[in-house]
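First the structure, in the form of structure tokens, and then the observations on it.
The values are calculated or read from the model by the stated rules, or taken from the named source; none is laboratory data. Source: prediction; values computed, not measured. Cβ coordinates were reconstructed from backbone atoms using ideal geometry, including for glycine residues, and neighbour counts include every protein chain displayed. Accessible surface areas use protein heavy atoms only, side chains included; no ligands, DNA or RNA. Shrake-Rupley method; radii C 1.70, N 1.55, O 1.52, S 1.80 Å.
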Amino acid sequence: MKNILKITALCVFAASMLAAYGNSNSKSANKEDPLYHSNDPHVVTQDKMSLRKEPLIATDVVLPEYTWTKKGPGEATRIKRAYENAPPQIPHSLDGLLPITKDNNSCMGCHMPDVAKSVGATPMPKSHFFDFRNNKDDHGKLDGSRFVCTTCHVPQAQTKPLVKNNFHPIFRNPKLINSSDLIKVISEGVNLKDTGDKVK
């Protein structure tokens, strides 16, 4: 019982300290903080730790508005993959397609392999129909771990990058710019001799 009281008291103290610090968290208060402003070029100040150029703990920051494509499925231009086997970005509007629930996944209507080609959509690759946890083929059934598409696939905002990106992907096979062979190469560079866990 004494331990519970000590832990409770410690939690209350920590919460009050955080609340007090948060309440004094105005931009003018932050400028008193040595991590907010420093003449030392080797010190990374709070306003340089974030792409929004504001202190990390600031709560009064107004984020910029972003616009998203209005083009519907089948009307948008496909976005080149960021790198080989990267999850492709969603080029079309998601209006009316979200949320994905256990009873409804609108993405499957166009992206299942047996439908995708006829509607001009990117088909889900074989890796989406394989249970990697249990190392077994799901025989054409979408694996549950891949059901919530927006875990990996996201729409692209119409905005300029906050920092310059010098990365240039190299695709070993030009077809992989718009497709995936992840199921074939997922074990590359991994020693599976002792485990017997090769992907079937």
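Listed values, structure above:
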| item | result |
| --- | --- |
| Percentage relative contact order, region 77-140, counting C-alpha pairs under 8 Å, at least six apart | 15 |
| Projected label distance in nm at Lys136 and Lys71, using a 7 Å step from Cα toward the beta-carbon | 4.2 |
| Inter-site label distance for Lys102 and Ile186 at 7 Å from Cα along Cβ, in nm | 2.4 |
| Cα convex hull of region 38-168, projected area averaged across orientations, nm² | 12.3 |
| Positive dipole terminus of region 103-200, leading residue within His139, Met112, Leu182 (C-beta point charges) | Leu182 |
| Average silhouette area of region 55-106, convex hull of alpha-carbon atoms, in square nanometres | 6.7 |
| Relative contact order for region 99-200, counting Cα pairs under 8 Å that sit 6 or more residues apart, in percent | 24 |
| Sequence-separation-based contact order of region 37-191, relative, with Cα cut under 8 Å and 6+ spacing, percent | 25 |
| Neighbourhood charge, 9 Å Cβ-Cβ cut-off, centred on Leu176 and excluding it, Lys, Arg +1 and Asp, Glu -1 | +1 |
| Principal axis dimensions, region 96-200 - Cα atoms, whole angstrom, descending | 48, 41, 25 |
| Inter-label distance for Val163 and Val115, nm, one decimal - labels placed 7 Å from Cα along Cα-to-Cβ | 4.0 |
| Rotationally averaged projected area of region 78-151 (alpha carbon convex hull; nm²) | 5.6 |
| Ranking by accessible area, most exposed first, for Ser145, Ser106, Ser50 with a 1.4 Å probe | Ser145, Ser106, Ser50 |
| Listed pairs Lys53/Lys160; Lys70/Lys126; Lys136/Lys184; Lys117/Lys160 exceeding 21 Å between Cα atoms | Lys70/Lys126; Lys117/Lys160 |
| Net length gained if the chain between Asp40 and Asp95 were fully extended (0.36 nm per residue, minus Cα distance) | 15.0 nm |
